[in-house]
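Quick note: the coordinates plus some simple rules give every number you see, no bench work behind them. Small disclaimer: the values here were computed from a predicted structure and weren't measured. All Cβ positions, even for glycine, are placed from backbone atoms using ideal geometry, and neighbour counts span all protein chains on display.
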Amino acid sequence: MSTTLGTARPDPAAYMLRTAATPAGRDYKRDLLDGLDIRPGQTALDVGCGPGTDLPALAERVGERGGVIGVDRDPVMLEKARHRTSGLSTVEIREGDAHALPVAPDTVDRAKIDRVLMHAAEPADVLAQLRLATRPGARVGLVEPDWDTLIVDAEDLDTSRAFTRYTTSEAVLHATIGRSLARHAERAGFTVETVTATAPVLLDFEEADHILGLGRNTRRAIEAGRIDGPRGRQWFTSLSEGPFFATFTLVSVICSRK
């Protein structure tokens with residue numbers, strides 16, 4: 001499907017893999033795994049593993065004596081994850097919802113949830129499930145963006161702000177959960193150890209269009225009456241002409257089960 005307002009909605013698996021391959025994606029994922037302090041022989045859980053982007057790295061860290069469990073509810077994602085980890089005997093892919101994890105209680109030493117809670121129907125229920133699955137003292141890593149901090153540079157500042165408001169209020173279910181990650185973790189029974197915030201910088205328009213959905217979300221905002229049509233199209237065109245700059249806040253929390 002083509003559109004005059006940016007790229008069409010990308011294949012979800014391709015989107016995740018491409019985003020993870022960006023410099024900012026590689027950096028925060030590396031920091032997340034480092035913060036989890038995964039040891040050989042442990043069991044690591046990836047909730048919402050998608051196409052298995054991080055499963056090989058987890059498998060490398062737990063070693064031959066450890067185990068990795070990847071959970072996702074999307075059959076297409078599960079198929080891709082199985083293909084990606086076909087040569088890794090320590091990795092097990094399980095179909096299941098984050099709200100009802102197919103994991104026995106008190107069996108997980110390390111766990112991560114990466115940009116999943118913003119789409120979950122009930123983030124608190126997901127974290128409750130995660131606490132149930134982890135052992136006392138287990139370390140857990142959470143990463144979520146705060147889309148209310150999305151900044152897109154343009155001379156038409158009002159339309160940039162309208163785009164961010166649309167993203168926050170309609171495009172993403174829990175668009176500001178990044179700022180409340182630590183609070184949610186504490187309420188779920190975890191002890192928060194570190195909270196970090198980074199601001200990925202996007203200077204390439206096409207890459208930003210892919211990651212942020214600039215064109216497709218502008219089109220949706222116009223259709224919803226949140227942005228004036230001609231003004232929104234002119235705003236998008238001006239972004240493509242460069243130079244381009246956009247950023248947002250990505251929050252990472254490392255916590256442990258009490």
Difference of contour (0.36 nm per residue) and Cα-Cα distance, SER180 to ALA224: 13.0 nm
Taking the chain, how much of its Cα-Cα pair set, in percent, is spaced more than 34 angstrom apart? 20 percent
Taking SER240, SER252, SER89, SER160 and counting other C-beta atoms within 10 Å, the order from fewest to most: SER89, SER240, SER160, SER252
What helix-only [θ] at 222 nm does the chain give? Using -39500 (n - 2.57) per DSSP H run of at least 4, over all residues, to the nearest 500, the answer is -11500 deg cm²/dmol
Relative contact order in percent for the chain (Cα pairs under 8 Å, 6+ apart) equals 22 percent
Sketch the reach of a paramagnetic label on ASP37 as a point 7 Å from Cα along Cα-to-Cβ, and name the residues of the stretch 115-142 whose backbone nitrogen lies under 20 Å away. 131, 134-142
Sum of side-chain charges, LYS112 neighbourhood, beta-carbon under 9 Å (Lys, Arg +1; Asp, Glu -1): -2
